[in-house]
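J.: Here you go, one structure.
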C-alpha cells in the first residue's frame, strides 16, 4: 500500500507561535515575554528544571491561561477552540493512566474522546499499541505496568487519533538507558515515517541532540538560544591527539605553528579546529617525529555548549554581586 | 498475502488515519460511555463488578419482599390486598431510597475523583471537549446508571404484583397509572442523587471523603430532622422538614403518587409548590457548582 | 509498639478529619437542645427511639467508626507505605494492636462524650428523671460498639480498596434496611449488641417498650466473638498478603 503523502509541507508551516508569552504564578515568573515560532519538525525544548518548559507546553495546549501574550497552535488558541485540540497530542510528565483498565480499553477510549467513531477507535488503539511496542501486555490492567510500559502507553495515547502535532513533556523521565534509547527511537520514527511533528521538552541535552532537528533553549523563563541542532554542534570541532612518546616536542612544534594545545590526561586537545589547522597539525606531528597513536575529531556536544552558556551566566551574576 | 471477499490487502501496523472525526459530540459520548462502564465495573477486573451488583441486588430485594407479601396476602384473603395498605410502588423509594443514595455515594465519586488525582483529567482537557462538557458527561453517566438502578426494583415489583394477582389483565387495567408514576418518580430520585453526588465528588480530594460526606449528611440529617420535627411545633417543623437531605426527592415522589410515604410527617403541611421548588433549587444549585468547579479547574 | 500507636494516632489526626468528626459528634446535641425548647416534651421512650437508637447508635456510631477505622490500613495501602511498617522487626499482631488501639482511642472518647452530653441534656430538657444513668449506660454501650466496629472496619480497610463502600453497605443496608425486614438479623448486628448493653445497664427507661432487644449475655458474647475474629483476621491478612 502506498503511503499517502501529506497534502502540505509540514516543514514550513508554523505550528506553534508564542507572542510575548508571559506566565506568572504569584510572584514567580515561569515565562517572561517569550516570542518564538516552531515549525513542522522535531523540536526540543531544552532547559533545566524550572526553566518554563512545562509551562510553555501547557499554555500551548490551553491547560492554563497566559498572564499576558498569546500562545497559538495551528493558528488557533487551543484553550478557546476545542476543534483544534482534535489534532493535538499531549504526553504529560506526571502519571496520567488509570490503573484499573487495560491499555487497549484506555487507548480505545482516548481515541473516541478525540472524536473517532468506536469501530475505528478500536483498530487505531491496536495499531498504535503495536507501533509503540506493547503486545501481550496490552490486555492487562495498567496498574501493574513497569515505568517503561507506562511511558509507551502515554506516548501511544498521543498518537492514537493521528494528530498533526504532539507535545511531549519529558518523555524519557524515569527510564533506564535502554528504555530511553527506545523511546527516542520511537519519537524519531513517528516523525520520519508518519510526518507527525513533535515538540519534546527535556533537561537532558543528550536526548535533544540525538532526537531533535531544532532546539530551543529555555532558561529562567526566557529563550536563551534557538536554531538547528546541527548548527549547535558543528560550529567548531575539537581534535584529540594521542602520541606514545615525544609529547613536549609535539607541543612545541604545534606552538611554533600557532596551534594552541592543552594537555588532557594522556592526550592533547586542540580546540576550535578548522580549515588550515588540519595541515598545520599534520606538519607538526611529522616535524616532532612523534609516534601517533590516535587522531580523532570530537564534535562539541550540546551538553558542553549548554554548560558553558549557563556557567557564563552564573559568572556574570557573581561579578554583579561582587 | 491472501485476498478475502472485499479484496482488500491489510497493511498491519500504524498508519495515518483518514476516517471520520466527530469532534466534540463523539468526545462527550465517549466520556459518558466510559463513566457508565466505570460505574458498573465493565472492562475492569471481576472485583470491580461485585459492589455495583450487590447494590442492585440490595435495592431489588425489598421489591421482591413486597411482591411476595402482596401475593401471599392475596391468596390468604381474597381481595384483602385492596383494603390493607400493603407497601407498593409509591412506598418503594421511601423505604429503599437509602440504597440508591449509598450506591451513588460509593460509585459516583469513582467517576470524578480518580481522573483528578491520577492526572487523567489533563488528557481529557486537551481533547476536543470542554471541561464543563466533561463534567456534564460524567454526571449524565451517573444519572444513566442511577435511573436503571431506580427502575429495576420497580419493574421487579410490577412483575411480582401482576403475576401474583388473580387476574393479571385486570390488575394492569386497574393499576396502569402506577407505571408512568414510578418511571417519573425514579427519574426524579435519580436526578437528585446523581447531582448531589457529583457535587461532593467534584470537590472531594479522595473518593472516600466524598462518600463519607454524602452518607454523613444524609443519615445524620434524616435522623436529626426526624427526631426534631416530632418535638417542635408544626409551624417550625414543616420548614425543618426541608432540611432532611434524603427526604427531599421523597416529597416529590409523594406528590407524584398522591400519597404520603415520607417518614417525616411535618412535611405534609408544606404546599406542593414549595416541595417541588425546593427540589429544583437544590438540583440546580448543586449542578451549577459542579460546572463552576470544572470551569475553574487548575492543573 | 508505642511508636506505631503514636504514629497511627497522628495519621488519623488530619485537621479536616478531626473537624468533620467533631462536627458529627456534636450533632446529637441538636435534638437534646430542642427538647428544652419543645412545648410537647418527649417521653423517655421517644428519646430512646429517636436519639439513642435512631441517631446515636444507627448513625453517629457507625460513621465515626468507619471514618476512623477504615483509613488505619487503607490510607497506607493507597499510599503504598504499608511496607514501611511490615519491614519493622515486629510481629504482625504487634502492628495490628497499636493501630487498632489508635482508632479506638479516638473513636471511644468522641462517641462516649457525644452520648453522655446529648442524652443527659435531652433528659434534663424533657424534665425526665434518670438522665444520668441513661447517659452513662448509653456511653458505655456505644463505647463497646465502637470497639467492635473498629476491629471490623480496620480489617475491611486492609482487605478492600472499597472498604468505605462495603462498610456503609454493612452498617446502613444490612443493619439498617434489612434489619427492619428480617428480625433475626439483630443477632448479627453490632448496633443491636450495643443497644442491648445499653438497655441492660438502664432497664428502667425501657419499661413499656414493644421494641425487642437481644439478651445481654448474647450481646456480650457476640461482641467478643466479632472483636476477636476480626482482629485475628486482620493479623492473618497482614501475614499473608503481598505488601505493595
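For (1) within 14 Å of chain C (Cβ to nearest Cβ); (2) at pLDDT 90 or above; (3) within 17 Å of the chain's Cα centre (by Cα), each residue gets a yes or a no:
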position: B:81; (1), (2), (3): no, no, no
position: B:109; (1), (2), (3): yes, yes, yes
position: B:115; (1), (2), (3): no, yes, no
position: B:123; (1), (2), (3): no, yes, no
position: B:133; (1), (2), (3): no, yes, no
position: B:142; (1), (2), (3): no, yes, yes
position: B:153; (1), (2), (3): yes, yes, yes
position: B:162; (1), (2), (3): no, no, no
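J.: Determine if region C:94-107 includes at least one residue that is surrounded by fewer than 24 Cβ atoms within 10 Å (Cβ to Cβ), without any contact (Cβ under 8 Å) to a residue 12 or more places away in the chain and more than 14 Å from chain B (Cβ to nearest Cβ).
T.: No, the conditions are met nowhere in region C:94-107.
J.: Within region A:273-298, work out how many residues are surrounded by 13 or more Cβ atoms within 10 Å (Cβ to Cβ) and at pLDDT below 85.
T.: 4
J.: Oh, and also: Checking the structure you have, find out if any residue of region C:101-114 is in contact with a helix residue (DSSP H, G or I) (Cβ under 6 Å, 6 or more places away or on another chain), outside any helix (DSSP H, G or I) and farther than 19 Å from residue C:224 by Cα.
T.: Scanning region C:101-114, I find no residue that is in contact with a helix residue (DSSP H, G or I) (Cβ under 6 Å, 6 or more places away or on another chain), outside any helix (DSSP H, G or I) and farther than 19 Å from residue C:224 by Cα, so the answer is no.
J.: Could you list all residues from region B:217-232 that are without any contact (Cβ under 8 Å) to a residue 60 or more places away in the chain, more than 7 Å from every other protein chain (Cβ to nearest Cβ) and either farther than 11 Å from residue C:55 by Cβ or outside any helix (DSSP H, G or I) (or both)?
T.: Listed by number, the residues that qualify are B:217, B:229.
J.: Taking the condition of being part of a loop (DSSP other than H, G, I, E, B) and farther than 19 Å from residue B:192 by Cβ, how many residues in region B:233-258 meet it?
T.: 2
J.: Further, regarding this structure: Would you check which residues across region C:1-28 are more than 18 Å from residue C:107 (Cβ to Cβ) and surrounded by 13 or more Cβ atoms within 10 Å (Cβ to Cβ) and list them?
T.: Answer for region C:1-28, where residues must be more than 18 Å from residue C:107 (Cβ to Cβ) and surrounded by 13 or more Cβ atoms within 10 Å (Cβ to Cβ): just C:1.
J.: Pick from region C:38-58 the residues that are more than 10 Å from chain B (Cβ to nearest Cβ) and surrounded by fewer than 18 Cβ atoms within 10 Å (Cβ to Cβ): which of them is nearest to the chain's Cα centre (by Cα)?
T.: Among residues in region C:38-58 that are more than 10 Å from chain B (Cβ to nearest Cβ) and surrounded by fewer than 18 Cβ atoms within 10 Å (Cβ to Cβ), the one nearest to the chain's Cα centre (by Cα) is C:45.
J.: Restricting to region C:1-37, and then to whatever is part of a loop (DSSP other than H, G, I, E, B) and touching a residue at least 12 places away in the same chain (Cβ under 8 Å), can you tell me which residue is farthest from the chain's Cα centre (by Cα)?
T.: C:1
J.: Return yes when residue B:172 is more than 25 Å from the chain's Cα centre (by Cα) and more than 9 Å from every other protein chain (Cβ to nearest Cβ) and no when it is not.
T.: Yes.
J.: Kindly state which helices (runs of 4 or more DSSP H) lie completely within region B:90-203 and contain at least 2 residues that are touching a residue at least 60 places away in the same chain (Cβ under 8 Å) and under 30 Å from residue B:28 (Cβ atoms). Spell out how you get there, then give the answer.
T.: On the way: elements: B:109-117, B:121-125, B:131-164, B:168-175, B:178-203.
Answer list for region B:90-203: B:109-117, B:121-125, B:131-164, B:178-203.
J.: I'd like the full set of residues that are within 7 Å of chain A (Cβ to nearest Cβ) and buried (at least 21 other Cβ atoms within 10 Å of the Cβ), limited to region B:44-73.
T.: The answer is B:48, and nothing else.
J.: Being touching a helix residue (DSSP H, G or I) at 6+ places or on another chain (Cβ under 8 Å) and not in a helix (DSSP H, G or I) narrows it down to one residue among C:128, C:156, C:147; which is it?
T.: Values: C:156 fails: not in a helix (DSSP H, G or I); C:147 fails: not in a helix (DSSP H, G or I).
Just a single option satisfies the conditions, and that option is C:128.
J.: Determine, yes or no, whether residue A:191 is within 13 Å of chain B (Cβ to nearest Cβ) and in a loop (DSSP other than H, G, I, E, B).
T.: No: the conditions fail for residue A:191.
J.: Kindly check whether there is at least one residue in region C:82-90 that is in contact (Cβ under 8 Å) with a residue 40 or more places away in the chain, surrounded by fewer than 18 Cβ atoms within 10 Å (Cβ to Cβ), more than 8 Å from chain B (Cβ to nearest Cβ) and not in a loop (DSSP other than H, G, I, E, B).
T.: There is at least one residue in region C:82-90 that is in contact (Cβ under 8 Å) with a residue 40 or more places away in the chain, surrounded by fewer than 18 Cβ atoms within 10 Å (Cβ to Cβ), more than 8 Å from chain B (Cβ to nearest Cβ) and not in a loop (DSSP other than H, G, I, E, B).
J.: Which of the residues spanning region A:1-27 are assigned to a strand (DSSP E or B) and either at pLDDT below 50 or under 16 Å from residue A:191 (Cβ atoms) (or both)?
T.: So in region A:1-27, the residues assigned to a strand (DSSP E or B) come out as A:14-25.
Result: A:15, A:16.
J.: Any idea which of C:72, C:34 is surrounded by 17 or more Cβ atoms within 10 Å (Cβ to Cβ) and within 10 Å of chain B (Cβ to nearest Cβ)?
T.: C:34
J.: Let me ask something additional. For the condition surrounded by fewer than 20 Cβ atoms within 10 Å (Cβ to Cβ) and more than 30 Å from residue A:115 (Cα to Cα), what is the one hit in B:153, B:180, B:114?
T.: B:180
J.: Okay, moving on. Residue B:41 fails exactly one of the following numbered conditions: (1) facing another protein chain (nearest Cβ under 10 Å); (2) at pLDDT 85 or above; (3) farther than 27 Å from residue C:164 by Cβ. What is the number of that condition?
T.: The failed condition is (3).
J.: Which count do you get for residues in region A:139-164 that are closer than 23 Å to residue A:177 by Cα, touching a helix residue (DSSP H, G or I) at 6+ places or on another chain (Cβ under 8 Å) and in a helix (DSSP H, G or I)?
T.: 11
J.: Out of C:157, C:131, I need the residue that is crowded, with 20+ Cβ neighbours inside 10 Å, at negative phi and under 16 Å from the mean Cα position of the chain (by Cα). Which one?
T.: Step by step, each of C:157, C:131 is checked, and only C:157 is crowded, with 20+ Cβ neighbours inside 10 Å, at negative phi and under 16 Å from the mean Cα position of the chain (by Cα).
The values are calculated or read from the model by the stated rules, or taken from the named source; none is laboratory data. Given the structure is predicted, the values throughout are model-derived calculations rather than measurements. We place every Cβ from the backbone using ideal geometry, glycine too, and count neighbours over all the protein chains shown.
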